[in-house]
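Contents: one structure, followed by commentary.
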Amino acid sequence: MIPALGPIGAKLAQGIGEGVGALLGNTAQPAQGGASFASMIGEAATRTVDNLQQAEQLSAKALQGDGDMRAVVDAVMSAEQSLQAAVAIRDKIVTAYLEINRMAI
């Protein structure tokens, strides 16, 4: 399993981003019925971890001879796409953070 990724999604789901936004002077509240950015990122991280764990479980079953190869391939491809999307989002967030740090005050 991938236990190291679980705490990341949990921390994001708790709303760590909320405190950072307030620290930077962003006091805007999410729209009525809308989700905050931190909760959306947390949910995406949780879904990514779930996809990776499901692919890992199906792969283990297939190695034992109990799994369907098509289901394994579908799960692994879905997990790969989820991981690539998560890495791309992380890269964009890091780039935005570095760009904000370079801004002159």
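All of the numbers you see were taken from the coordinates with simple rules; none came from a lab. These figures come from a predicted structure and were not determined experimentally. So basically every Cβ, Gly included, is an ideal-geometry build from the backbone, and we count neighbours across all protein chains shown.
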Point to revise | Phi-based couplings in Hz for the stretch 87-101 (Karplus 6.51, -1.76, 1.60; Gly and Pro marked x) | key: 5, 5, 5, 4, 4, 5, 5, 5, 4, 5, 4, 5, 5, 5, 5
**Study point:** Ranked by how many other beta carbons lie within 10 Å on average, peptides 72-81, 93-102 from highest
**Key:** 72-81, 93-102
Exercise for review: Return the FRET efficiency for the residue pair residue 68, residue 94: r is the Cβ-Cβ distance, R0 is 41 Å, and the value is rounded to the nearest 0.05.
Suggested key: 0.60
